[in-house]
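The structure appears right after this line, and notes come after that.
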Amino acid sequence: MPRIEIEPKLDFKDVLFRPKRSTLKSRADVDLVREHTIMAGNVVTGEMVEELLLTGADIVKVGIGPGSVCTTRKKAGVGYPQLSATMECADAAHGLNGHVISDGGCTNPGDVAKAFGGGADFVMIGGLFAGHDQSGGEIIEKDGRKYKLFYGMSSDTAMKKHQGSVAEYRSSEGKTITIPYRGDVNGTVQDILGGIRSACTYTGAAKLKVI
């Protein structure tokens, strides 16, 4: 499967979100970059979604702790069941003509279909795509077998790579694992698409919006 090079006009704010203290400063600030699509997250409640959309976000990313290499729920004791969060947040977003991305928690094609069924406009996938040629990370050879590193974006590995070190006041909220090298991603993509098509067949849905 060839890599597609694009230049999206997207401004994405991906930080710890605190209620009543928005990651987006004001509608005036947002208007300065209005030619871009603005995506913010991550959140797990309708109230948080509404605050971000009313401030100027176009898309809100939903999910705290569901990822396969995320340890936030264990380290911080904070999280929310992913499908429940997706349903609540999608309902709030669609009432304001906004969109949501269900981020994390998909371990098989059926989970992707459930996310769309819960109201997600988009689904973000990490672990299912890890280990493929098109995913990040160097190939590691051990005992004659090939592996790739896969790690959470709040892990020690990610913070050292992107920020130089782990701040003294922070705790790692992700883990680093090695997974078997899986070759080209096309087979996995087709498997996911096949699962979604089957979900549409079983539910009588002609399009994702009505699964």
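The set of residues in segment 199-211 that are of a type in the set (G, A, S) and in contact (Cβ under 8 Å) with a residue 40 or more places away in the chain contains only A199. Checking segment 29-40 against the condition returns no match, with no residue being surrounded by fewer than 22 Cβ atoms within 10 Å (Cβ to Cβ) and under 24 Å from G195 (Cα atoms).
Among the residues examined, G98 qualifies as touching a strand residue (DSSP E or B) at 6+ places or on another chain (Cβ under 7 Å) and either surrounded by fewer than 24 Cβ atoms within 10 Å (Cβ to Cβ) or modelled with pLDDT of 95 or more (or both). The residues of segment 57-90 that are in a helix (DSSP H, G or I), of a type in the set (S, T, N, Q) and farther than 13 Å from I101 by Cα, listed by number, are T72, S84. Of the helices (runs of 4 or more DSSP H) contained entirely in segment 102-211, those carrying at least 1 residues that are touching a Pro at 6+ places or on another chain (Cβ under 9 Å) fall at 186-203. If you check G105, G131, G127, G56 for being farther than 23 Å from G187 by Cα and surrounded by 15 or more Cβ atoms within 10 Å (Cβ to Cβ), only one passes: G56.
Condition check ((1) under 13 Å from the mean Cα position of the chain (by Cα); (2) closer than 18 Å to I59 by Cα) across all residues:
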position: P81; (1), (2): no, no
position: E88; (1), (2): no, yes
position: D91; (1), (2): no, yes
position: P109; (1), (2): no, no
position: G126; (1), (2): yes, no
position: G137; (1), (2): no, no
position: Y151; (1), (2): no, no
position: T157; (1), (2): no, no
position: G174; (1), (2): no, no
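Restricting the first member to segment 62-90 and to residues that are farther than 21 Å from S155 by Cα, and the second to residues that are modelled with pLDDT of 95 or more and of a type in the set (K, R), the beta-carbon pairs closer than 8 Å and six or more apart or on different chains are L83/K114.
The values are calculated or read from the model by the stated rules, or taken from the named source; none is laboratory data. Just so it is clear, the structure is predicted and the values come from calculations on it, not from any experiment. Methodologically, a virtual Cβ is constructed for each residue, glycine included, from the backbone with ideal geometry; neighbour enumeration extends over all protein chains shown.
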